[in-house]
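J.: Handing you a structure now.
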Amino acid sequence: MATFSKKIQKLGVYTSGGDAPGMNAALRAVVRAAIGQNLEVVGIMQGYVGMIENHIEAIDQRFVANIIQRGGTVIKTGRSTEFTKPEGRAKAAANLKAHGVDAMVCIGGDGSFRGAHALWEEHQIPIVGVPGTIDNDIFGSDKTIGFDTAVNTALEAIDRIRDTAASHDRLFIVEVMGRNSGFIASAVGLAGGAEEIFAPESLTTVDKAVDRIKDGIARGKTSSILVTAEGQKPGRAYDLADAIRKKTGWDAKVCILGHQQRGGSPTAADRILASRMGAAAVDSLLKGHCDIMIGTEGEKLIEVPLDIVTKNEKKAHLDLISLASVLAT
Ligand code: ADP
């Protein structure tokens, strides 16, 4: 783990990459924990976009009042191509220096942490990351902020769909987020009682799903739900419906949950996780630790070097996916 010895007086905080419910709760925790330790805090608006465009403002305890329950992020998030180049990062570093920012907390995902790591390596700006992404696909942390909320949002939709599926004897294919990782699909599929789960990690095929549904019909089952993670673009559920129609003649109904999974009020679990991680990030910086992410291992908070976080992949466990199939009898 990297360390630094400079005493921190002014702390910067930003949210970056895809937004996730609970980012506001993490921001609130960072700001209040830091001010509690007599630090000044500045918010960098819209992630690396604001860092390059010098959109940096002082924030206090009142700025983060009444946001713990709100989805999205009140300091905005963003994506910046300019920041991926050394010249863009030099501009950002010069702005931070001009504002007297001594250290920062980055609330974001994998890409945001790559940027944070580069800022430390090239400009020695100490940063601690807090994992905020609905996908839960950050190596080094069992949980990420926003995942629990996204799963519960998708689950509410599935429960409603189940009502209509059961009333009309229908097959539904529900598409959830998770292009590169099946955490949402496997959790939602198991908790929602799906027959089969199509996730990047799963080995399920259309043939297997059809066989399972036929088995169910033979046992008197009249409706079924398949859960799929989106493909390269949303719409994979339509491809599956077409393949099933061609094979069986069944008319599968498709429901793509899309961006509603990103929004909404964070669950208690996400607010608690965000509050703990935000405060821990400030503690780590005050100890002189940096170039790390705060992660969870079971109930414990841990520090993981950003280099390890960004160079490794975390994949959803196949056991949830196979358990869903076993139980959907
Ligand atoms: P997330 O943080 O949710 O994974 P992105 O992958 O979009 O979201 O990353 C957010 C931002 O982080 C990007 O727009 C870019 O500015 C910065 N970033 C991503 N990858 C790198 C990289 N390899 N080097 C420097 N900056 C990066």
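J.: Regarding segment 161-169, can at least one residue be identified that is assigned to a helix (DSSP H, G or I) and within 10 Å of the ligand (Cβ to nearest atom)?
T.: No - not one qualifying residue is present in segment 161-169.
J.: Here's another thing I want to ask about it. Going by the conditions given, is Ala103 more than 12 Å from the ligand (Cβ to nearest atom) and surrounded by fewer than 18 Cβ atoms within 10 Å (Cβ to Cβ)? Talk me through it step by step, then tell me what you get.
T.: Details: more than 12 Å from the ligand (Cβ to nearest atom): yes; surrounded by fewer than 18 Cβ atoms within 10 Å (Cβ to Cβ): no.
So Ala103 fails the test.
J.: Looking at segment 80-119, which of its residues are in a loop (DSSP other than H, G, I, E, B), over 15 Å from Met23 (Cβ atoms) and in contact (Cβ under 8 Å) with a residue 40 or more places away in the chain? Before you say what the answer is, go through the steps one by one.
T.: Within segment 80-119, the subset in a loop (DSSP other than H, G, I, E, B) is 80-81, 85, 99-102, 109.
Those left that are additionally over 15 Å from Met23 (Cβ atoms): 80-81, 85, 99-102.
His99, Gly100, Val101, Asp102 - these are the residues of segment 80-119 that are in a loop (DSSP other than H, G, I, E, B), over 15 Å from Met23 (Cβ atoms) and in contact (Cβ under 8 Å) with a residue 40 or more places away in the chain.
J.: Just to be sure, is Asp135 away from the ligand (no atom under 16 Å from the Cβ), assigned by TED's automatic domain parsing to the domain that holds Ala92 and either in a loop (DSSP other than H, G, I, E, B) or under 23 Å from Trp250 (Cβ atoms) (or both)? Write out each step before concluding.
T.: Values: away from the ligand (no atom under 16 Å from the Cβ): no; assigned by TED's automatic domain parsing to the domain that holds Ala92: yes; either in a loop (DSSP other than H, G, I, E, B) or under 23 Å from Trp250 (Cβ atoms) (or both): yes.
No; evaluated as a whole, the condition is false for this residue.
J.: Taking the conditions exactly as written (at pLDDT 95 or above and among the aliphatic types (A, V, I, L, M)), does Ala316 satisfy them or not? Quick ask: steps written out before the conclusion?
T.: Working: at pLDDT 95 or above: no; among the aliphatic types (A, V, I, L, M): yes.
No; evaluated as a whole, the condition is false for this residue.
J.: Please verify whether Lys311 is in contact with a Ser or Thr (Cβ under 7 Å, 6 or more places away or on another chain) and open to solvent by 70 Å² or more (accessible area, probe 1.4 Å), treating the condition exactly as stated. Spell out how you get there, then give the answer.
T.: Values: in contact with a Ser or Thr (Cβ under 7 Å, 6 or more places away or on another chain): no; open to solvent by 70 Å² or more (accessible area, probe 1.4 Å): yes.
So Lys311 does not fit the description; no.
J.: Here's a check for you: in segment 19-38, which residue that is open to solvent by 20 Å² or more (accessible area, probe 1.4 Å) and not in a helix (DSSP H, G or I) is nearest to the ligand (Cβ to nearest atom)?
T.: Within segment 19-38, the subset open to solvent by 20 Å² or more (accessible area, probe 1.4 Å) is 19, 28, 32-33, 35-38.
So of that shortlist, the ones also not in a helix (DSSP H, G or I) come out as 19, 37-38.
Details: Asp19: 9, Gln37: 27, Asn38: 30 Å.
It comes out as Asp19.
J.: What number of residues in segment 314-329 are open to solvent by 40 Å² or more (accessible area, probe 1.4 Å) and either of a type in the set (Val, Ile, Thr) or part of a loop (DSSP other than H, G, I, E, B) (or both)?
T.: Looking only at segment 314-329, we keep the residues that are open to solvent by 40 Å² or more (accessible area, probe 1.4 Å), and these are 315, 317-320, 322-323, 326-327, 329.
After this cut, where a residue has to be either of a type in the set (Val, Ile, Thr) or part of a loop (DSSP other than H, G, I, E, B) (or both) as well, the list is 315, 317, 326, 329.
The number of residues fulfilling the criteria is 4.
The values are calculated or read from the model by the stated rules, or taken from the named source; none is laboratory data. In this text, all values refer to a predicted model and were calculated from it rather than measured experimentally. Please note: Cβ atoms are built from the backbone with ideal geometry, for glycine as well, and neighbour counts cover all protein chains shown. Please note that ligands, DNA and RNA were not included when accessible areas were found on the heavy atoms of the full protein model with its side chains. Shrake-Rupley method; radii C 1.70, N 1.55, O 1.52, S 1.80 Å.
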